[in-house]
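Just below is one structure, and these are the notes that go with it.
The values are calculated or read from the model by the stated rules, or taken from the named source; none is laboratory data. Remember, predicted model here, so these are calculated numbers, not experimental data. Don't worry about glycine lacking a Cβ; one is built from the backbone with ideal geometry, like all the others, and counts go over all protein chains shown. What goes into the accessible areas is simple: the full protein's heavy atoms, side chains included, and nothing from ligands, DNA or RNA. Shrake-Rupley method; radii C 1.70, N 1.55, O 1.52, S 1.80 Å.
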Amino acid sequence: MGNQPSSGSGGSGGVGGVNRRRSSTANNNNNSGGGPTTTTTGSVPTFRLPQLPQLPGTTGSLKLSRSELDKRCQPSGLYPTTPWDSRTIRRLIGDGKLAARLRGTDIRSRPTDQECPICFLHYAQVNITKCCNAAVCTECYLQVRPQKDKNTTPCPFCNCSKVTVWVAKMMADSQIRKREAEEQRCSSPERE
């Protein structure tokens, strides 16, 4: 006790000393129980949740089982070959950066299915281009954008200099109704 400073900046009597003690206690804690940790920076507590462990048998940030990932990565047969490495495709699909390689259908089997404007097939999951928000299936994307040409492949829809995609979200009911109304307008004969 004799070597402690009398100011509140480092001793046990001041607010700074309490914060420092909490911070050092929380930082030295192994957190072997797996619960959240609390650290204090200045006078503001910071809570950190523990990182979830990777479950055995799961891969990628989507935490898919190996068998589920295998199903999503199987070529659909639309094109005979792809210029992409199969491990790269598997990693992108497992991380949720590319839609699953699904078999397309000639007609919409579910209201949420979307049509790829390149192959004209309907899919439960598609990719959306970042430049013009156009839907494209994974098989067509893998053909349009070669793996090694990351920065020089233009978008097939808007001709933007770099085509990149993200996985489309499920269509909302309002989007489905809007699409159906537009399809009805386009399919009905014009009245003069």
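By per-residue mean of other Cβ atoms within 10 Å, what is the highest-first order of 172-179, 97-104? Present the calculation step by step, with values, prior to reporting the outcome.
On the way: 172-179: 11.9, 97-104: 20.6.
Highest to lowest by the protection proxy: 97-104, 172-179.
With a point put 7 Å past each Cα toward its Cβ, work out how far S67 is from I176 in nm, to one decimal.
Using points 7 Å along Cα→Cβ, the separation is 2.9 nm.
Between segment 119-156 and segment 97-112, what is the separation of their alpha carbon centroids in Å?
The two parts, judged by their Cα centres, are 14 Å apart.
Given a 1.4 Å probe and heavy atoms of the protein chains only, how would you sort W166, W84, largest accessible area at the top? Please report the intermediate quantities before stating the final value.
Working: W166 105, W84 25 Å².
The ordering from most to least exposed comes out as W166, W84.
Which distance in nm do the two modelled labels at T153 and T105 give, with both placed 7 Å along the Cα-to-Cβ direction?
Each label point lies 7 Å from its Cα, and together they span 2.8 nm.
May I ask which of K71/K148; K71/K162; K97/K162 have a Cα-Cα span longer than 18 Å here?
On the way: K71/K148 25 Å; K71/K162 29 Å; K97/K162 16 Å.
In this structure, K71/K148; K71/K162 exceed 18 Å between Cα atoms.
Going by amide H atoms built from the backbone, whose H comes under 5 Å of the H on V126, apart from near neighbours?
A168
With each pseudo-label sitting 7 Å past Cα toward Cβ, what's the F120-R185 distance in nm, one decimal?
Placing both labels 7 Å along Cα→Cβ, they lie 2.3 nm apart.
Going by average Cβ neighbours within 10 Å, how do the peptides 135-145, 118-128 rank, with the highest at the top?
Sorting 135-145, 118-128 by mean packing, highest first, produces 135-145, 118-128.
With every protein chain left in place, what is the accessible area per residue of segment 70-149 in square angstrom, probe 1.4 Å? Can you show the working numbers first?
Numbers: 4240 Å² over 80 residues.
Roughly 53 Å² per residue, with all protein chains present.
What are the ³J(HN,Hα) couplings of segment 172-181, residue after residue, when phi is run through the Karplus curve with 6.51, -1.76, 1.60 and θ = phi - 60°? Round to Hz, x for glycine and proline.
7, 4, 5, 5, 5, 4, 4, 5, 5, 5
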